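The structure appears below as structure tokens.
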Amino acid sequence: MTIRIYNTLSGKREPLKTLKSGHVKLYVCGITSYDYCHIGHARSALAFDMIVRYLRYRDYKVTYVRNFTDIDDKIIARARQQNCSSDELASRFIDEFYLDMDKLGIDRPDIEPRATDHIPEMIEIITELIDKGMAYQAGNDVYYIVDSFPDYGKLSRRNIEDMRAGARIAVNEQKHNPMDFVLWKGSKPGEPTWESPWGAGRPGWHIECSAMSRKYLGTTFDIHGGGKDLIFPHHENEIAQSEGANDKPFVTTWIHHGFVTIRDEKMSKSLGNFLTIRDILSSYHPEILRFFIFSTQYRNPLDFSESAMKNATLGLEKLYECMAAIDVLDPDIGDEQAKALLTDVDKQKIGALEERFQNAMDNDFNTAQAQGIFFDTVKTINRNLSILSSSPAQSDIDIFKNAASTLKKLADIMGLLRVDAVTFLAEKNQKLLDKINIDEKMINLLIAEREQCRIEKNWSRSDQIRDELLAKNIELKDGPSGTEWSVKRN
């Protein structure tokens, strides 16, 4: 099986190609560190966390680089508002970023460079572009000559003449052409500055990623990623800078994830309709947010709503309930002589879990389809668990245990099912119990009474207890290991 990825550059799914066999070099544009992270940042971090985990699961070596933009107009403006330095502000929100990522269980990239630690590398590329006649100095600024790069627009499929027709040159603008973009900005009073051949100043936004990716991954590497909003102008400009300076292809495959929307409107800080990661995690378990994000394939838009989060909650709990039901199966109750209940068809379906999962994920990391395969497998397992006798066949127990182990391994690629199932459900039940007029001690007393009624064949009272509990949203499930209970959500 071959992993196929939608390449923004070609506009189609292509087999994964690596410059070095078995080794993926990946660069992802990280945050601009001036505020708390929102759910859009969570989607980006989670999407590439999942991609890296899957590639490693498929035995690829991955070198994963994700940068921090720690100097920028927004950072400078916010630092002034808060009466601190740009470096202090950027460092504080990088620390806050890590707190959010750690709560989400996101693995750290291999390399996390900060832009301000790579000013010499940026100056080096800018100098190369000037020497090649692809950039010019205007005052203390330096601009890239877009017309010097014939392929400009190839990533975003924009026609440069159309873009030029819609551009305007501001009064006193030093640019030779309205499409030219800044590589180096001359310093203004009160701004952070670095020395350069063109005077004191700071780098433009686009040049930082060209410099850092070249330093850590080389002049050409395998995958570059980010949100769709970065395709133009950021990634388009990266291509122009890097290929102009290096005379080599910049990136083989471009991966871009879709937007997070709220009521079908793109979420952004400028629109004021964003939800921070910590806002969401104050109400939901981190795995619920993960489940929600991966319920949609990464390239598609993802609309956030309370109903969507409720569906994610129910879906994740269903997976955990199946894991808990298998976990409590005591291997000692298995009977080597008992007749197996699992049919060959069900054995085959359960046994095909990993192959089906790989087929879904090889299709451009289709986590939505992969989740569907999880539920299809769980449905088969639950149907068979419900008919197990008090002395089930050992072969059936072995199949269930192996299935649970496989499911946990695969779900971990999305960061799911990482908590002990019994503990997860106990915490969920306790939170729901706190909202209704019944406690766990009373539930267990009623279950014990029901068990005695069943022994005495007092089916009327047994059913009455079950119905009384169900009226309070307490659902009972009888199995070979006894009666388990859970709290139903309204």
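Things worth noting here:
- Here S391 passes the criteria (1) surrounded by 15 or more Cβ atoms within 10 Å (Cβ to Cβ); (2) in contact with a Pro (Cβ under 9 Å, 6 or more places away or on another chain) except the one numbered (1).
- Set L46, L55, L104: member being touching a Lys or Arg at 6+ places or on another chain (Cβ under 9 Å) and more than 29 Å from T220 (Cβ to Cβ): L104
- Scanning segment 409-430 for residues that are part of a helix (DSSP H, G or I), of a type in the set (D, E, K, R) and over 18 Å from the mean Cα position of the chain (by Cα) yields E427, K428.
- P249 meets each of the listed conditions (1) exposed (fewer than 15 other Cβ atoms within 10 Å of the Cβ); (2) at pLDDT below 75; (3) under 30 Å from M212 (Cα atoms) apart from (2).
- Subset of segment 203-221 (residues that are crowded, with 24+ Cβ neighbours inside 10 Å and of a type in the set (D, E, K, R)): E208
- Tabulated pairs, segment 195-216, first not assigned by TED's automatic domain parsing to the domain that holds V182, second part of a loop (DSSP other than H, G, I, E, B), C-beta under 7 angstrom, 6+ apart or interchain: none
- Only a single item in (1) surrounded by 15 or more Cβ atoms within 10 Å (Cβ to Cβ); (2) in contact with an Asp or Glu (Cβ under 7 Å, 6 or more places away or on another chain); (3) assigned to a loop (DSSP other than H, G, I, E, B) is not met by D49, and it is number (3).
- None of I125, I130, I119 is in a helix (DSSP H, G or I), within 21 Å of E195 (Cα to Cα) and touching a Phe, Trp or Tyr at 6+ places or on another chain (Cβ under 6 Å) except I119.
- Verdict on E484 being over 21 Å from M323 (Cβ atoms) and more than 29 Å from the chain's Cα centre (by Cα): no
- Whenever a residue of segment 287-305 is farther than 19 Å from Q369 by Cβ and at pLDDT 95 or above, its partners that are of a type outside the set (A, V, I, L, M) and part of a helix (DSSP H, G or I), lying with C-beta atoms within less than 8 angstrom and at least six residues away or across chains, give the pairs I288/T313.
- Test: residue in segment 449-458 that is in contact with an Asp or Glu (Cβ under 8 Å, 6 or more places away or on another chain) and either among the charged types (D, E, K, R) or over 16 Å from K318 (Cβ atoms) (or both): no
The values are calculated or read from the model by the stated rules, or taken from the named source; none is laboratory data. Fair warning: this is a prediction, and the values are worked out from it, not measured in the lab. Heads up, the Cβs are rebuilt from the backbone with ideal geometry, glycines too, and the neighbour counts pull from every protein chain shown.
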